[in-house]
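The values are calculated or read from the model by the stated rules, or taken from the named source; none is laboratory data. Just so it is clear, the model here is predicted, and its values are computed rather than measured. For neighbour counting, all protein chains shown are included, and Cβ atoms are generated from backbone atoms with ideal geometry for every residue, glycine included. What goes into the accessible areas is simple: the full protein's heavy atoms, side chains included, and nothing from ligands, DNA or RNA. Shrake-Rupley method; radii C 1.70, N 1.55, O 1.52, S 1.80 Å.
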Amino acid sequence: MKGGIITVMKFATKEKIEEKIYSEKWKVLIVDDEPEVHNITKVVLKEFIFEHKKLEFISAFSGEEAFEKLKQETDIAVVLLDVVMETNDAGLIVTQRVRDELKNNKVRIILRTGQPGVAPERDVILNYDINDYKEKTELSSTKLYSSMITAIRSYRDLSIIEQNKVGLKKIITAARTIFQIHSLKLFVEGVLTQLVSILNLSHDPTHIKASDAFFTILNDDKNEFELLTTTGKFKSKDQLNIITPNIKELLKEASVKKQSFFKDDIYIGFFSPSNHTDLFLYIDGCSKLNQQDRDFIDIFSNDILVAYENIHLHNEIIDTQKELIAKLGSVVENRSKEVAYHVNRVAKVSNLLAVGYGLSQDEANKIEMASPMHDIGKVAIRDDILLKPDILTKDEFETMKSHSKIGYDILKCGKREILHTASIIAHQHHEKWDGTGYPQGLKGEEIHIYGRITAIADVFDALTYERVYKEAWPAEKAFAFIKEGSGKHFDPKLVDIFFDNIDEIKKISNL
């Protein structure tokens, strides 16, 4: 064997280690161009166990092969690396490439050399990011065992630090995304996803595997628990198979005690926001949780309660704004003796068109909430014009057209985003794609998408329902009018979307 030998000694332990299959192992890459070195190293470390994990050996017989192995196997813990192989500095080149190209700073590299004069220890330690330097002649089984323990312990600690950084990033992201969510269903789904993701940081079998969880609420009227969202093994099951009698007893225990608790392998989270239904979190597979994980769940649970309260408050504000806007829109409709549900139908059709156009659901909801204000400017139009059953004169029509600008002026100073959206809709919903609309004569995409969407919804609904100046049109005649208006009155893309969703629009319009 080149440049030295490894002395083989039997390493004795105080207790006999039972033979068993370990599902997780520490990966060790042996890099040497002498097959005998591989064989002897494996014999010496055959009985090695650290933290309930044995070693898994991977062999490479050149520097280039070693680099490829490290590139493919990103979870190698230790490399036992020969210096002199295909070249006198092959091992040093591998070390440099692993650190610089692969950016792998976790793997522990132990250089082994039979020719120390080729790569002096002081120069190597100073110039290369290695973790140990050994001459092959000094690697008895005891020393090799000690070096391996030190290297793996260091790798483990670096892995924990990296996992903690990932966990911290997830926690920060979780807090940000959860507090941005305004839907209760999305909120509980987000909490469950983030919590399980944060806890499942490691592939270590001794770490938590809590991926089976669900949120539920207690329906006071029925005295029954109702599922909100699930994950893991609960995902494909129905409510009866999830909330078993045993689980129900645990949930009721939390409800009676008004507190969260761990019990055996289970965590029950209890949240009781003021003036709202109690919320429960169930997590299975918690037996391996350490105290740090348990403390984290408690802290995270407190944040859940705060976020839950904020969501209800936010939704209440939005619902209040939505109701007020709808009521104001209805006031205009009632004053003109038109159908009071016109604004609601326009709102729903506008939402449908917005989603079909590719706007986000949040933006579509915003248009739905704002569109009932599209004719708010009519409050300033005289009754003899607004309620006239005959065709308007030229001057009367000019007066009627002014409602768009009046509506814009009423709403434009609003500081709320919904009012800003409503001001755009009020101002531009009578503009036409070909530029012949009013009040500004905008053309094509000069018209804001909010105005283009509401224009189709408003015109279609106005055609299909009776007005003081006309009878309701048959549905097919109204559809033909919308189609003929493509590229003239209406955005052609929106007309296509309108007819792609014709069945849903018929339902909304009660046709």
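Quick notes on this one:
- Ordering 27-38, 378-389, 75-86, 145-156 by mean Cβ neighbour count within 10 Å, with the highest value first, yields 75-86, 27-38, 145-156, 378-389.
- Probing with 1.4 Å while keeping every protein chain in the model, the per residue accessible area of the stretch 371-467 equals 45 Å².
- Ranking ARG294, ARG416, ARG99 by solvent-accessible area of protein heavy atoms (1.4 Å probe, all protein chains present), from largest to smallest, gives ARG416, ARG294, ARG99.
- Sorting CYS286, CYS413 by accessible area puts them as CYS413, CYS286; the probe is 1.4 Å, largest comes first, and only protein heavy atoms count.
- Summed residue charge, Cβ within 15 Å of THR393's Cβ, Lys/Arg positive, Asp/Glu negative: -1
- A cut-off under 9 angstrom between Cβ atoms defines the neighbours of LYS25, and their net charge, with Lys, Arg +1 and Asp, Glu -1, is +1.
- The gain in end-to-end length when the LYS470 to SER272 segment is fully stretched comes to 65.8 nm, 0.36 nm per residue minus the alpha carbon separation.
- Computed accessible area, ASP100, all protein chains, 1.4 angstrom probe, square angstrom: 90 Å²
- Computed from the C-beta positions of GLU504 and VAL379 and an R0 of 35 Å, the FRET efficiency is 0.65 to the nearest 0.05.
- When the P(r) of the stretch 371-452 is calculated, the portion above 16 Å amounts to 52% of the C-alpha pairs.
- Whole-Å distance, taken between Cα centres, linking the stretch 61-106 and the stretch 479-511: 64 Å
- At R0 = 60 Å, FRET efficiency that the Cβ-Cβ distance of GLU135 and LYS233 yields, to 0.05: 0.65
- Shown are ASP461, ASP295, whose ranking by accessible area with a 1.4 Å probe and every protein chain present, most to least, is ASP295, ASP461.
- For PHE397 and SER360, the FRET efficiency from 1/(1 + (r/R0)^6), where r spans their Cβ atoms and R0 equals 25 Å, is about 0.10.
- For the residue pairs LYS53/LYS263; LYS54/LYS143; LYS71/LYS103; LYS366/LYS412; LYS54/LYS134, the alpha carbons lie more than 21 Å apart in LYS53/LYS263; LYS54/LYS134.
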